[in-house]
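One structure is given here, and the rest of the page talks about it.
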Amino acid sequence: MSQLPQINTDYFVDFLIKLLNIASPTGFADPAIDFVEKELSQFIQLELSRTRKGALVAKWAVESDVPPVALTAHVDTLGAVVKEIKKNGRLKLSRIGGIQWPTVETEGVWISTSHSEKIRGSVLIDTASGHIYSAAGSETPRSDDHMEVRLDARTTSKQETRALGINIGDCVAFDPRVEVTNGFIRSRFLDDKACVANIVAAIKSLADAGLNPARSVYFHISNYEEVGHGAATGIPPEVSELVTVDMAVVGKGQESNEFSATLCIKDSGGVYHEGLNNKLRTLAEKHNIPYKTDVYPFYGSDGEAFWRAGGDVALALIGPGIDASHNYERAHMDGLNATTNWIMAYLLD
Ligand SMILES: [Zn+2]
């Protein structure tokens, strides 16, 4: 097929904004998995299931002599849990996935209690008041010991905070702050919700055009990527190729940008599969998809998690360029559409 089906960009943006606004730190990603499952349930071509670990697997089966392939993307994000309730009633946190403190200083948070209640608050340095600490406030290290959550509830003691229903281990989710301007989407956690949206939009475009993938496909929506083992399970053994769809690193020294998709050749974990890489390059060139090749300095992917767990597949990693990753991220529709098109080209090949 030389012509790819149209992408419904309104659908893509609408789905992505909704997904970004569902809190889903690793270990607490069920609401996001539920949302994706509900969305995919409208496509009768797909057979949906969950792994015991909680990942979503959507199989699109077709008649074919060649073995099935798989794509994976993750809905879990950076976040935190309550580590300690301090004497002043504020919360000390333990970070999930290593979010950098300066990137969330003053950010709004929701604490989800084990009784399903939500309590609002914000992240502050413990020397926050300019009228008390003045310049010293800037010098306080942004570390686990100095960052705290101030709750929007009346509490000045451990007991009062406990009485709100807050316990050690409760999930703390940082506000994503989604904004769409001029083709740019600015938000936390575009890593990797943007790529989940790419996969869902590709499925929709194919389904709306009445097309089927050339081979049976498993779409694996992972829920433990940010801690390094999301796709270690859930990819069936008959799968011959796995394409990880995850963000591309944009910034100093990088080839990737927000207006293209990237094929990652190497990251911290090592080198991807040359044969599958070449197949993806050929497809991008055939369909005039803007793409870069790149090397990511501090990066590991769910595909590598599958390799480490013993997965015997050809493995590649593609995704849209995301500026300021694991910080206040930004993507552009050009790079996002390039990724959706690349997924479709791969599925139809
Ligand atoms: Zn990611």
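The values are calculated or read from the model by the stated rules, or taken from the named source; none is laboratory data. Because the structure is a prediction, the values reported are computed rather than measured. All Cβ positions, glycine included, derive from the backbone under ideal geometry; neighbour counts span all protein chains shown. These area figures cover heavy atoms from the full protein model, side chains too; ligands, DNA and RNA do not enter into them. Shrake-Rupley method; radii C 1.70, N 1.55, O 1.52, S 1.80 Å.
Suppose we filter K92, K59 for residues that are surrounded by fewer than 20 Cβ atoms within 10 Å (Cβ to Cβ), farther than 28 Å from I343 by Cβ and touching a strand residue (DSSP E or B) at 6+ places or on another chain (Cβ under 7 Å); which single one remains? Let's see the steps before the verdict.
Working: K59 fails: farther than 28 Å from I343 by Cβ.
K92 is the lone residue from the list that is surrounded by fewer than 20 Cβ atoms within 10 Å (Cβ to Cβ), farther than 28 Å from I343 by Cβ and touching a strand residue (DSSP E or B) at 6+ places or on another chain (Cβ under 7 Å).
Condition check for A135 on (1) over 28 Å from the mean Cα position of the chain (by Cα); (2) at pLDDT 95 or above: one failure, at (2). Scan the stretch 230-252 residue by residue and report those that are surrounded by fewer than 16 Cβ atoms within 10 Å (Cβ to Cβ) and touching a residue at least 40 places away in the same chain (Cβ under 8 Å). Matches in the stretch 230-252: P236, P237, E238, S240, G251. Contact annotation: residue pairs with Cβ atoms under 6 Å, 6 or more positions apart or on different chains, pairing a residue in the stretch 125-146 that is assigned to a loop (DSSP other than H, G, I, E, B) with a partner that is open to solvent by 70 Å² or more (accessible area, probe 1.4 Å), are T127/Y133; R142/P102. Scanning the stretch 179-190 for residues that are farther than 17 Å from E105 by Cα and part of a loop (DSSP other than H, G, I, E, B) yields N182, G183.
Residue-by-condition table, conditions (1) in a loop (DSSP other than H, G, I, E, B); (2) more than 13 Å from the ligand (Cβ to nearest atom); (3) over 20 Å from the mean Cα position of the chain (by Cα); (4) acidic (D, E):
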site	(1), (2), (3), (4)
E238	yes, yes, yes, yes
T244	no, no, no, no
V249	no, no, no, no
L263	no, yes, no, no
L283	no, yes, yes, no
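Here the stretch 269-281 is the region considered, the condition is being at pLDDT 95 or above and in a loop (DSSP other than H, G, I, E, B), and the residue that is farthest from H332 (Cα to Cα) is H273.
Just one of the listed residues (V196, V227, V217) is within 16 Å of the ligand (Cβ to nearest atom), touching a residue at least 12 places away in the same chain (Cβ under 8 Å) and surrounded by 16 or more Cβ atoms within 10 Å (Cβ to Cβ), namely V196. Condition (residue is more than 23 Å from A232 (Cβ to Cβ), within 15 Å of the ligand (Cβ to nearest atom), open to solvent by 10 Å² or more (accessible area, probe 1.4 Å) and not charged (D, E, K, R)) applied to the stretch 320-327: is it met by at least one residue? Yes, there is a match, as at least one residue in the stretch 320-327 is more than 23 Å from A232 (Cβ to Cβ), within 15 Å of the ligand (Cβ to nearest atom), open to solvent by 10 Å² or more (accessible area, probe 1.4 Å) and not charged (D, E, K, R).
Does T103 qualify as being under 27 Å from P320 (Cβ atoms), open to solvent by less than 40 Å² (accessible area, probe 1.4 Å), polar (S, T, N, Q) and touching a residue at least 40 places away in the same chain (Cβ under 8 Å)? Spelling it out, T103 is indeed under 27 Å from P320 (Cβ atoms), open to solvent by less than 40 Å² (accessible area, probe 1.4 Å), polar (S, T, N, Q) and touching a residue at least 40 places away in the same chain (Cβ under 8 Å).
Do you know which residues across the stretch 136-173 are open to solvent by 90 Å² or more (accessible area, probe 1.4 Å) and of a type outside the set (D, E, K, R)?
Passing the criteria: S138, T156, Q159.
The residue list S187, S222 contains one member that is open to solvent by less than 10 Å² (accessible area, probe 1.4 Å), touching a residue at least 12 places away in the same chain (Cβ under 8 Å) and within 11 Å of the chain's Cα centre (by Cα), which is S222.
Of all residues in the stretch 38-96, those satisfying the criterion of being under 17 Å from the mean Cα position of the chain (by Cα), within 19 Å of T233 (Cβ to Cβ) and either not in a loop (DSSP other than H, G, I, E, B) or not charged (D, E, K, R) (or both) are G54, A55, L56, V57, L71, T72, A73, H74, V75. Scanning the stretch 155-193 for residues being of a type in the set (D, E, K, R) and within 16 Å of the ligand (Cβ to nearest atom) gives a total of 4. S116 meets all of the listed conditions (1) among the small types (G, A, S); (2) in a loop (DSSP other than H, G, I, E, B); (3) in contact (Cβ under 8 Å) with a residue 12 or more places away in the chain but one, namely (3).
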